[in-house]
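This report refers to the structure that appears directly beneath it.
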Amino acid sequence: MTEEMLDQLRHACWFLHGSFSGIALPYARYSERQYATWLMRIFDQHDRFDIALHMQAHPTVKQQELVEPERFKFKDDGVFPNSDLPLLLYRQAFSTEAEDGASVIEQSFAENNWTNSWRNGVYPFTHYHSTTHEVLGVYSGSATLHLGGENGKNVEVHAGDVIVIPASVAHQNIGARDDFGVVGAYPDGREWDLLRGLPSERPEADQRIAALPIPDNDPIYGAEGPLRQIWKAARGR
């Protein structure tokens, strides 16, 4: 097996919990079907046999089922445009056992082309973005987020949760533990803006939002993940 193939295996196995050549591989929840597809593309039959032997020898290597996201929809309230696309909340999508959970989440997002990332919290005032969708991966602590503006909903999030916020959906941190931290990222590394529901923001903000494409990849599960299917259905495509 060449060094290049070893690198590809590490890439394909990023979401598996276990080790390869002594390297710990943190994981996200993923589908068995997608693992098989990745590995079959990379290796011939002999190499797949070697992988099977490795997994038998290391029982800590195991596959995790895909997490079906909770969905929340918020209508335009005259102040915040909100969206016809549902906000997606993946509960416990990531293990909380990794030493550097922020790096695990950040790497997963980057693998699926959600980049331009940062680490921090969530603003304590209501705001939204008109230039990009946003994903937030909680790597520590917990918080209560108010989503959708004045008539919206309070949702608690915890370490391991991932929230995909469509452009134009209002969000705000209304209470968090001191250790609350998230990784934020954007499809194709888009630049984000910060809008607060002022009358002067619209209709220009609405036009920018309408022009945004549905991302090519779910930030956790890639091209075959739930995001594209759910968002396309929401738009009747």
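Based on what the data block shows, is residue 212 loosely packed, with under 13 Cβ neighbours inside 10 Å and more than 14 Å from the chain's Cα centre (by Cα)? In short, no. Going through (1) assigned to a loop (DSSP other than H, G, I, E, B); (2) open to solvent by 10 Å² or more (accessible area, probe 1.4 Å) one by one, residue 110 falls short only on (1).
A quick yes/no check of all residues on (1) surrounded by 21 or more Cβ atoms within 10 Å (Cβ to Cβ); (2) under 21 Å from residue 70 (Cα atoms); (3) in contact with a strand residue (DSSP E or B) (Cβ under 8 Å, 6 or more places away or on another chain):
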{"position": "157", "(1), (2), (3)": "yes, yes, yes"}
{"position": "162", "(1), (2), (3)": "yes, yes, yes"}
{"position": "173", "(1), (2), (3)": "no, yes, yes"}
{"position": "179", "(1), (2), (3)": "no, no, yes"}
{"position": "184", "(1), (2), (3)": "yes, yes, yes"}
{"position": "187", "(1), (2), (3)": "yes, yes, yes"}
{"position": "191", "(1), (2), (3)": "no, no, yes"}
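Of everything in the stretch 193-202, what is exposed (fewer than 13 other Cβ atoms within 10 Å of the Cβ) and either farther than 16 Å from residue 127 by Cα or touching a helix residue (DSSP H, G or I) at 6+ places or on another chain (Cβ under 6 Å) (or both)? Give them in sequence order.
Initial filter on the stretch 193-202 (exposed (fewer than 13 other Cβ atoms within 10 Å of the Cβ)): 194, 198-200.
Within the stretch 193-202, none qualify.
Only residues that are touching a residue at least 12 places away in the same chain (Cβ under 8 Å) and part of a loop (DSSP other than H, G, I, E, B) were counted in the stretch 178-222, giving 21.
If the condition is being touching a residue at least 60 places away in the same chain (Cβ under 8 Å), part of a strand (DSSP E or B) and hydrophobic (A, V, I, L, M, F, W, C), then the stretch 134-169 contributes 135, 147, 155, 157, 162, 163, 164, 165. Scanning the stretch 135-155 for residues that are of a type outside the set (A, V, I, L, M, F, W, C) and either more than 21 Å from residue 119 (Cβ to Cβ) or surrounded by fewer than 23 Cβ atoms within 10 Å (Cβ to Cβ) (or both) gives 140, 141, 142, 144, 146, 148, 149, 150, 151, 152, 153, 154.
The values are calculated or read from the model by the stated rules, or taken from the named source; none is laboratory data. Predicted, not measured: the structure shown is a model, and the values here were computed from it. Positions of Cβ are backbone-derived with ideal geometry, glycine not excepted, and every protein chain shown enters the neighbour counts. Protein only, heavy atoms only, side chains kept; ligands, DNA and RNA dropped before computing areas. Shrake-Rupley method; radii C 1.70, N 1.55, O 1.52, S 1.80 Å.
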